[in-house]
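Remarks on the structure that follows.
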Amino acid sequence: MLARITDGQALRFRNVVFCACAALAASGAFAQEWKPDKPVELIATNAPGGGSDRILRILVKVLGSYVPVPVNVVNRPGGGGSVAYNYANQHPGDGHYLVMGSRSLLTNNIAGHGPSYTSLTPAVHLFSEFISVNVKPVSPIRTGKDLISFMKRDPTAISYGIATSLGSPNHQGAAVALKVAGVDIRKMKNVIFPSGGAATTSLLGGHIDVVPLSVAFGAQLHRNKQVRMIAVTSPGRLSGVLADVPTWKEQGFNAEVSQWRIFIGPRGMTPAQLAYWEQTMRRAADAADWKKELEENFWQHRILGHADTMKFLERDNADARAFLAELGLAK
């Protein structure tokens with residue numbers, strides 16, 4: 001004989017099932033959440049004073065208001081960034097380690113040095129920046145056109161300080177304009193440095209002739225009259241202290257080059273970790289302090305999450321391969 005269930009019993013049963021389902025849903029949502037529970041390491045690909053190091057030291061000040069644990073800058077220079085990426089990958093699946101990645105990740109791999117971006121976890125695209133081309137204030141090279149003229153007469157006469165590898169955006173900041181002008185860029189006399197700071201020291205010491213740098217770093221030197229900035233790779237003139245610096249395009253050479261900055265974590269990061277860092281950077285991007293840094297450093301703000309960052313890198317990797325193939329460096 002089947003037991004008869006009263007309406008009251010049925011109602012109580014439904015309530016029990018509803019509460020159980022709600023509890024399961026809540027526990028599932030809780031399991032999906034992630035936030036750092038130990039100090040975070042933001043890893044610079046170069047020595048103190050280099051591009052990623054300077055950017056991270058700015059970011060640390062901003063992120064202190066949004067991350068619940070200490071955030072530290074750790075320098076792992078060498079190998080055009082490979083040392084930093086390999087260090088991150090020693091901590092697979094750990095969202096507490098993020099490299100300040102740049103386009104050198106792509107160019108080094110294409111040239112046969114260092115890991116592929118697909119062996120890591122690109123997390124958040126932060127911003128991009130343009131490149132400045134700099135000489136000593138006493139240099140006979142006064143403009144971008146002067147540099148092109150010198151190189152046309154003898155492509156080996158001018159030495160370039162390149163951070164941190166051939167094919168990098170710094171290298172392209174000068175090489176693309178030379179290529180447009182018909183100069184054989186394979187004959188450029190390039191000296192590789194572990195950071196823009198090291199290349200600048202060599203320039204100021206008279207050991208090399210030209211140093212392409214991020215616009216932000218170049219602007220500091222230009223403001224202090226330590227260098228003469230002869231060109232920038234932006235599509236139009238920049239503002240403020242750089243308002244008097246002509247673009248390559250203005251000088252007759254259609255050479256636009258930008259460097260991107262992306263947080264790149266170790267392989268195996270989880271969707272919850274990626275979501276945390278994307279949300280955190282979107283929140284930080286609204287901070288007045290960060291907006292001020294964007295303006296003062298001429299950075300082009302553009303936050304992209306993991307999926308869009310991967311698509312961006314796939315396209316840029318193809319462009320970088322084409323450029324390095326022209327140099328005979330693609331493997």
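Numbers at a glance
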item	result
Segment 213-252 - residue that is more than 19 Å from the chain's Cα centre (by Cα) and assigned to a strand (DSSP E or B) and, of those, surrounded by the fewest Cβ atoms within 10 Å (Cβ to Cβ)	ARG228
Whichever residue in segment 270-310 is in contact with a strand residue (DSSP E or B) (Cβ under 9 Å, 6 or more places away or on another chain) and of a type in the set (Phe, Trp, Tyr) and, among such residues, is nearest to SER128 (Cα to Cα)	TRP299
Residue that is nearest to VAL227 (Cα to Cα) [pool: residues in segment 125-184 that are in contact (Cβ under 8 Å) with a residue 24 or more places away in the chain and of a type in the set (D, E, K, R)]	LYS136
ARG321 basic (Lys, Arg), exposed (fewer than 13 other Cβ atoms within 10 Å of the Cβ) and in a helix (DSSP H, G or I)	no
All positions within segment 197-212 that are touching a helix residue (DSSP H, G or I) at 6+ places or on another chain (Cβ under 7 Å) and not in a strand (DSSP E or B)	THR200, ILE208
Residue in segment 234-243 that is among the polar types (S, T, N, Q) and closer than 22 Å to ILE192 by Cβ present	no
Which listed residue, of ASN86, ASN134, ASN109, is modelled with pLDDT under 95 and polar (S, T, N, Q)	ASN109
Hits in segment 32-62 - residues which are among the small types (Gly, Ala, Ser) and either loosely packed, with under 14 Cβ neighbours inside 10 Å or on the phi > 0 side of the Ramachandran plot (or both)	GLY49
Residue list for segment 34-59, restricted to those being outside any loop (DSSP other than H, G, I, E, B), more than 18 Å from GLN279 (Cβ to Cβ) and of a type in the set (A, V, I, L, M)	ILE43, ALA44, ILE55, LEU56, ILE58
Residue match in segment 242-259 (condition: under 20 Å from ALA47 (Cα atoms) and not aliphatic (A, V, I, L, M))	yes
Total residues in segment 253-299, condition surrounded by 14 or more Cβ atoms within 10 Å (Cβ to Cβ) and closer than 30 Å to ALA181 by Cβ	11
In segment 150-196, the residues that are in a strand (DSSP E or B), surrounded by 21 or more Cβ atoms within 10 Å (Cβ to Cβ) and touching a Ser or Thr at 6+ places or on another chain (Cβ under 6 Å)	GLY161, ALA163
Given (1) under 20 Å from the mean Cα position of the chain (by Cα); (2) outside the structural domain of ASN170 (by TED's automatic domain parsing); (3) of a type in the set (A, V, I, L, M, F, W, C); (4) modelled with pLDDT of 95 or more, number of the condition ALA272 does not satisfy	(1)
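The values are calculated or read from the model by the stated rules, or taken from the named source; none is laboratory data. All of these numbers come straight from a predicted model, not from anything done at the bench. Don't worry about glycine lacking a Cβ; one is built from the backbone with ideal geometry, like all the others, and counts go over all protein chains shown.
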